[in-house]
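Input: a single structure, listed below in structure tokens.
The values are calculated or read from the model by the stated rules, or taken from the named source; none is laboratory data. A quick note: this is a predicted structure, and the numbers were derived from the prediction, not measured. Ideal geometry is used to build each Cβ from the backbone, glycine not excepted, and the neighbour counts take in all protein chains shown. For the accessible areas, the whole protein counts, side chains as well, though only heavy atoms, and no ligand, DNA or RNA atoms are used. Shrake-Rupley method; radii C 1.70, N 1.55, O 1.52, S 1.80 Å.
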Amino acid sequence: MAEPISVKEFTDIVESALTDSPALNNIAVVGEVSGFKLQVKSAYMDWIFFTLTDEGGGDSAMQCAVFKSRAYLTYLPKDGDKVLVKGSISLSRKRGSYSFKCEDILPYGEGERAAALEALKKKLNAEGIFAQKRPLPKYPRKIAVITSETGAVWHDICDKSEKRYPLVTLTLVPATVQGDSAAASIVSALSRAQNINADLIIIARGGGSAEDLDCFNSEELARAVYASKIPTISAVGHETDFTICDFAADVRASTPTSAAEIALPDINEIRGILNGYRVMSKQNALRAVDNREKSLAVMEKTVRINSPRMKIAAWEQSLERVKSTISVNIHKKLDNADNELKRAAQSISDLNPMAVLARGYSAVTVGEKIVKSVEEVAIGDKINVKMSDGSVSAVVEDIGRSSK
């Protein structure tokens, strides 16, 4: 009998045997999910636990676990799903039990196909095929629609486009969108669409099973979409369906009718914008006309003020004022002169000896000399007395002097 060993030593041996075995590492196992449980440890440490059994709940089962921070899962199963799990054996030392540590989970029946699809997706993404996201034309004039000419998709897109933006021209580029020859048919249609003066391409198909949509997962189609000179919209299947064509296209639409909504502006919104521009233009035009009218009025006033006619009129008014002033001054001077003349005439009249004589006075002369004082005559002098109506001659007989 061998020497006894500790539980730890036994566990070390079992773990080494399990983890070092190539048959138990990097393997794929198919089974049915039961007891699915998501255990949240923290924001970045979540565990997924479930049991994998043979189909129909057979006699064999194995515990599976996924550490979410290490595994990038594109699919989460639910109880009853048939899946293919990829990973390695793992030993729980505390419980003394093994479990299967999953690195990936894929739907069963599509496991190999899904694995190949995932590998292709990673390959194309690494090459930058999925990175090309060109802007779509804001107001497309012509759109090439690649789809079946017998399906409802073409009519749905036409109906939506007619309601949303009737100014666009839609051109059907027919292609087979299901079956073994579909991928090559779509690639051919995409090539033809490059030469019809379209400024946008829609690749469209209605919903269907994974097998129905498989042609849109073609590597050849993905590369053709990437090589297109014209921006592309991929509208394949329903909202939850994703294909490689969706990733390669510039824009992915959830449905064909959604593609028409994405590709086309709303004519009603455009009308509203144009109406706003119309109102704004009218207001600007009226404002400009009003400003021009005001400016013209100012210019007219300036011209009128500075015109020769206005200057002549101003000069005439000024001349009239000068004439009026001169006339007033002349009349004033004439009136003053007349008054002066009258005063002078009055003074002359007042000083006229005849006027004095007419008032009863008389002038006495001795010879030619006017006698002004009694001292100038003597008794016996012959004097001449001049009156207003004649004169008399007399001899001085007496001289009387007035007392002062």
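Kindly indicate whether any position in the stretch 157-173 is in contact (Cβ under 8 Å) with a residue 60 or more places away in the chain, exposed (fewer than 13 other Cβ atoms within 10 Å of the Cβ) and among the basic types (Lys, Arg).
No: the stretch 157-173 contains no residue that is in contact (Cβ under 8 Å) with a residue 60 or more places away in the chain, exposed (fewer than 13 other Cβ atoms within 10 Å of the Cβ) and among the basic types (Lys, Arg).
List pairs: first residue in the stretch 236-250 and surrounded by fewer than 18 Cβ atoms within 10 Å (Cβ to Cβ), second residue assigned to a helix (DSSP H, G or I) anywhere in the structure, Cβ distance under 9 angstrom, at least six positions apart or on different chains.
Close Cβ pairs satisfying both conditions: 239/258.
Among (1) modelled with pLDDT of 80 or more; (2) touching a strand residue (DSSP E or B) at 6+ places or on another chain (Cβ under 8 Å); (3) open to solvent by 30 Å² or more (accessible area, probe 1.4 Å), which single condition is residue 107 missing?
Of (1) modelled with pLDDT of 80 or more; (2) touching a strand residue (DSSP E or B) at 6+ places or on another chain (Cβ under 8 Å); (3) open to solvent by 30 Å² or more (accessible area, probe 1.4 Å), only one is false for residue 107: (1).
May I ask you to list the residues in the stretch 28-63 that are at pLDDT below 85, among the aromatic types (Phe, Trp, Tyr) and under 13 Å from residue 76 (Cα atoms)?
If the condition is that a residue be at pLDDT below 85, among the aromatic types (Phe, Trp, Tyr) and under 13 Å from residue 76 (Cα atoms), then 47 is the only one that fits.
I need the full set of residues from the stretch 171-188 which are in contact with a Ser or Thr (Cβ under 7 Å, 6 or more places away or on another chain), of a type in the set (Gly, Ala, Ser) and in a loop (DSSP other than H, G, I, E, B), in order please.
Hit for the stretch 171-188 is 175, nothing else.
Can you tell me which residue in the stretch 226-244 is modelled with the lowest pLDDT, limited to those that are closer than 19 Å to residue 207 by Cα and hydrophobic (A, V, I, L, M, F, W, C)?
242
Only one of these conditions is not met by residue 124: (1) within 19 Å of residue 213 (Cα to Cα); (2) buried (at least 16 other Cβ atoms within 10 Å of the Cβ); (3) touching a Leu at 6+ places or on another chain (Cβ under 9 Å). Which number is it?
Among (1) within 19 Å of residue 213 (Cα to Cα); (2) buried (at least 16 other Cβ atoms within 10 Å of the Cβ); (3) touching a Leu at 6+ places or on another chain (Cβ under 9 Å), the lone unmet condition for residue 124 is (3).
In the stretch 207-219, is there at least one residue being among the aromatic types (Phe, Trp, Tyr) and open to solvent by 20 Å² or more (accessible area, probe 1.4 Å)?
Scanning the stretch 207-219, I find no residue that is among the aromatic types (Phe, Trp, Tyr) and open to solvent by 20 Å² or more (accessible area, probe 1.4 Å), so the answer is no.
Could you grab me the full set of residues in the stretch 291-301 that are open to solvent by less than 100 Å² (accessible area, probe 1.4 Å), under 34 Å from the mean Cα position of the chain (by Cα) and at pLDDT below 90?
Those that are open to solvent by less than 100 Å² (accessible area, probe 1.4 Å), under 34 Å from the mean Cα position of the chain (by Cα) and at pLDDT below 90: 295, 296.
Please tell me if residue 143 is outside any loop (DSSP other than H, G, I, E, B), among the hydrophobic types (A, V, I, L, M, F, W, C) and open to solvent by less than 60 Å² (accessible area, probe 1.4 Å).
When the stated conditions are applied, residue 143 passes them.
Just checking, does the stretch 343-350 include any residue being over 30 Å from residue 398 (Cα atoms) and modelled with pLDDT of 80 or more?
Yes, some residue in the stretch 343-350 is over 30 Å from residue 398 (Cα atoms) and modelled with pLDDT of 80 or more.
Which of (1) aliphatic (A, V, I, L, M); (2) under 28 Å from residue 138 (Cα atoms); (3) modelled with pLDDT under 95 is the odd one out, the single condition residue 172 does not satisfy?
Every condition holds for residue 172 apart from (3).
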